[in-house]
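The values are calculated or read from the model by the stated rules, or taken from the named source; none is laboratory data. From a predicted model like this one, the values you see are computed outputs, not experimental measurements. So basically every Cβ, Gly included, is an ideal-geometry build from the backbone, and we count neighbours across all protein chains shown. The area values use the complete protein model at the heavy-atom level, side chains included, leaving out ligands, DNA and RNA. Shrake-Rupley method; radii C 1.70, N 1.55, O 1.52, S 1.80 Å.
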Amino acid sequence: MNPLSVKADFPILTQVVNERPLVYLDNAATSQKPQCVIDAVSHYYETTNSNVHRGVHTLGSQATDLYEGARAKVQAFIKANDAAEIIFTRGTTASINIVASSYAMAQLQVGDEIVISPAEHHSNLIPWQQVAQQTGATLTYFELEVDGRLTVEKAAAAINKQTKIVALAQASNVLGTINPIKEIAAIAHANGAIIVVDGAQSVPHLPVDVQELDIDFLAFSGHKMMGPTGIGVLYGKRALLEAMDPVEYGGEMIDFVTLEGATWKELPWKFEAGTPIIAGAIGLGAAIDYLNTIGMATVAAHGTELVAYALERLRTIEGIDIHGPLDPQQRTALVSFNVGDIHPHDLSTVLDEQGIAIRAGHHCAQPLMKWLGASSTARASFYMYNTKAEVDALVAAIELTKEYFGYGEA
Ligand code: PMP
């Protein structure tokens, strides 16, 4: 699959920014959308817009079919056993918060442990801090290797019979590391714990099979996988979801209501109070169709090839500090780095003048920044439409920035 032919499907990528062709390397923050996703959303509004699950009229049932059809696409994409295990949410953050506030708040007590990694995005850290504070459970941390990897051995050392929840990103949004989720899930289960996986950076880039990994919950966002913003997914094993209370109450999620009380609909609607994100879900379904046409194995291979090339080229820059493992096989398609004492914000501002969009900051992972000994980093993150020529443009622009800040001068 040629990335240039993929690129042609993304209208935004033909843009000129600051008089240069746009080089979009901020995909870990959000990805661009192919024309077919944009069309699916506008076609829905042009032809089918209606509320779901209630209208006994043609548009209402068409909208319901499209919305539930999108759920089936998500189910197949992550190989869930049952469409009832797919809950549409606002995104990864909302999905993790559902598990924290419904499952964890009810199950945990003093003496229990939650174990996470110090590399987690704030979305997979703060909800657990809150659970620990409110239930009296203890939050503990895995120990990382010097290059930021989490080994199965170190994971095993942190999980014990007190552990009730292991919460871990499958791929780090800063280090790019891919964690050995299947092995860690097995260790969690052997100790009677469940595992909650933050798939925000893995589901868009790798084939993910929830049954093969045997994970209990998986959270991810549509906007990082070529879908619209505002839509995300919580996958949960049916038995766990069934035992959980809803977190929001209102229309759509009820079965029967009296003035005295109410009963809930069955899964997945029990967790989808109010009018759902209909167009977003349909757009996500179109994004999944698009990714399936390319094939997730191809997406993953392209990511590895680009990150290998980026690591090789970036390493030629004198004074660069690349974070995370240097073996591309251990990474998803992103690289975080610092260049000398150039502030990442300055670096990204100068790069922007060259039409190159990267991210600079703490990437919602402040404890990881502390661990790295940096206040912030620059991050280039790739997707299916990025090319080696764009990596070359990035490297050339970094060299130019160094000159601009007086590096290399006598
Ligand atoms: N976890 C990780 C690893 C992420 O990269 C992100 C997005 N930066 C999130 C969680 C949160 O995703 P969202 O903002 O879409 O809820």
Of all residues making up segment 329-348, the number that are more than 16 Å from the ligand (Cβ to nearest atom), in contact with a helix residue (DSSP H, G or I) (Cβ under 9 Å, 6 or more places away or on another chain), within 27 Å of ILE12 (Cβ to Cβ) and not in a strand (DSSP E or B): 2
Those residues of segment 55-111 which are in a helix (DSSP H, G or I) and within 16 Å of the ligand (Cβ to nearest atom), in sequence order: VAL74, THR92, THR93, ALA94, SER95, ILE96, ASN97, ILE98, VAL99, ALA100, SER101
Considering only residues that are in contact with a helix residue (DSSP H, G or I) (Cβ under 9 Å, 6 or more places away or on another chain) and open to solvent by 60 Å² or more (accessible area, probe 1.4 Å), which ones fall in segment 256-268? TRP264, GLU266
Can you tell me how many residues in segment 120-167 are within 16 Å of the ligand (Cβ to nearest atom), over 15 Å from ASN97 (Cβ atoms), among the hydrophobic types (A, V, I, L, M, F, W, C) and in contact with a Pro (Cβ under 9 Å, 6 or more places away or on another chain)? 3
Wholly enclosed strands (runs of 3 or more DSSP E) of segment 184-257 bearing at least 2 residues more than 16 Å from the ligand (Cβ to nearest atom) and in contact with a strand residue (DSSP E or B) (Cβ under 7 Å, 6 or more places away or on another chain): 254-257
Close pairs from segment 357-372: first under 11 Å from PRO118 (Cα atoms), partner away from the ligand (no atom under 14 Å from the Cβ) and assigned to a strand (DSSP E or B), Cβ under 8 Å, at least 6 apart: LEU372/HIS323
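To keep it simple, each residue is scored yes or no on (1) touching a residue at least 60 places away in the same chain (Cβ under 8 Å); (2) surrounded by 24 or more Cβ atoms within 10 Å (Cβ to Cβ).
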{"residue": "ASP198", "(1), (2)": "yes, yes"}
{"residue": "VAL203", "(1), (2)": "yes, yes"}
{"residue": "ASP209", "(1), (2)": "yes, no"}
{"residue": "ILE215", "(1), (2)": "no, yes"}
{"residue": "LYS224", "(1), (2)": "yes, yes"}
{"residue": "PRO228", "(1), (2)": "yes, no"}
{"residue": "VAL233", "(1), (2)": "yes, yes"}
{"residue": "GLY236", "(1), (2)": "yes, yes"}
{"residue": "ALA239", "(1), (2)": "no, no"}
